[in-house]
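The values are calculated or read from the model by the stated rules, or taken from the named source; none is laboratory data. Source: prediction; values computed, not measured. Glycine also receives a Cβ, built like all others from the backbone with ideal geometry; neighbour counts cover every protein chain displayed. Note: accessible area is taken over every heavy atom of the protein model, side chains too, but ligands, DNA and RNA are not part of it. Shrake-Rupley method; radii C 1.70, N 1.55, O 1.52, S 1.80 Å.
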2 protein chains.
Amino acid sequence: MSNSKLYKGSLITIILKLLSENDKMYGYEITQKVKALTKGELNITEGALYPALHKLEADGVLEVEVTKVDNRLRKYYKLTEKGTTETANKLSELQKYIETMQALVNSKTRLA
Amino acid sequence: MSNSKLYKGSLITIILKLLSENDKMYGYEITQKVKALTKGELNITEGALYPALHKLEADGVLEVEVTKVDNRLRKYYKLTEKGTTETANKLSELQKYIETMQALVNSKTRLA
DNA sequence: AATATATACATAAGATTTTTATGTATGTAA
DNA sequence: TTACATACATAAAAATCTTATGTATATATT
């Protein structure tokens with residue numbers, strides 16, 4: 001990531017969402033996909049991404065499958081069953097966060 | 001703040017927004033106001049709030065006015081001119097963030 | 001009278017997440 | 001042969017937050 005501080009805390013949600021729609025993806029692919037989908041608005045850094053993937057794997061949310069393409073290493077990640085549940089949770093959390101923030105931003109908060 | 005990690009990075013935006021609608025507020029009042037507006041969803045902790053207010057003051061975004069009410073100390077904060085500009089920036093960043101995340105969440109991201 | 005809760009400030013230690021800086025290695029374009 | 005893209009990785013530092021603690025006054029409860 002390298003952006004508005006608001007992106008802090010969103011990385012896991014983004015990864016899981018992408019994996020819920022693409023049944024397997026590798027790290028570099030995720031960075032490129034996010035850059036494309038957000039028109040360059042959001043750039044995930046490797047220093048944030050790889051540790052996050054490792055943690056998700058360690059937590060049993062993702063499983064990995066190492067392959068070699070063009071003599072180059074690739075680690076494909078996919079959601080486990082637990083990962084699918086976790087994705088739903090993270091997405092509903094995001095929805096709730098957005099609603100809460102919209103409420104704060106849109107409301108007149110002046111005292112009566 | 002509270003539970004969902006998504007709130008990380010949002011505190012400054014929330015403070016500034018509240019102060020843009022209430023011309024002066026003190027710390028404790030901000031915590032109560034946010035709790036009420038979010039129906040308990042978001043609880044700003046003192047350990048996060050006070051350092052944030054101090055930083056905003058040091059940055060010239062807020063100015064402080066110390067008073068005594070019922071023999072108890074109160075530090076009222078209000079936006080400076082710089083703070084008003086900063087508020088507009090933070091709010092448009094939030095709007096942009098929400099749009100970006102909505103795009104990520106709602107779009108089908110599968111490869112063609 | 002004593003205790004708990006609310007009001008009101010503050011800071012320090014630790015946890016978590018991210019940026020920035022590096023490092024390795026291969027393939028391709030200039 | 002130099003630069004850029006692909007593809008992984010980690011470590012130091014920065015940023016932000018939680019948890020814990022501290023001070024002090026006012027009010028409500030037991």
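Give the stretch A:49-65 a look and list any residue that's near DNA strand D (Cβ under 10 Å from one of its atoms), among the hydrophobic types (A, V, I, L, M, F, W, C) and surrounded by fewer than 15 Cβ atoms within 10 Å (Cβ to Cβ), or say none.
Selection gives A:Val64 alone.
State all residues of the stretch A:26-81 that are over 13 Å from the mean Cα position of the chain (by Cα) and small (Gly, Ala, Ser); if no residue qualifies, say none.
A:Ala36, A:Gly40, A:Gly47, A:Ala58, A:Gly60
So which residues in the stretch A:1-39 are assigned to a loop (DSSP other than H, G, I, E, B), within 11 Å of chain B (Cβ to nearest Cβ) and not charged (D, E, K, R), if there are any at all?
Listed by number, the residues that qualify are A:Met1, A:Asn3, A:Ser4, A:Gly9, A:Ser10, A:Asn22, A:Thr38.
For residues in the stretch A:66-75 being open to solvent by less than 80 Å² (accessible area, probe 1.4 Å) and out of contact with any helix residue (DSSP H, G or I) (no Cβ under 9 Å at 6 or more places or on another chain), which is nearest to A:Tyr26 (Cα to Cα)?
Of everything passing the filter in the stretch A:66-75, A:Thr67 is nearest to A:Tyr26 (Cα to Cα).
Would you mind stating whether B:Tyr97 is more than 14 Å from every other protein chain (Cβ to nearest Cβ), in a helix (DSSP H, G or I) and either aromatic (Phe, Trp, Tyr) or within 22 Å of A:Gly9 (Cα to Cα) (or both)?
Working: more than 14 Å from every other protein chain (Cβ to nearest Cβ): no; in a helix (DSSP H, G or I): yes; either aromatic (Phe, Trp, Tyr) or within 22 Å of A:Gly9 (Cα to Cα) (or both): yes.
So B:Tyr97 does not fit the description; no.
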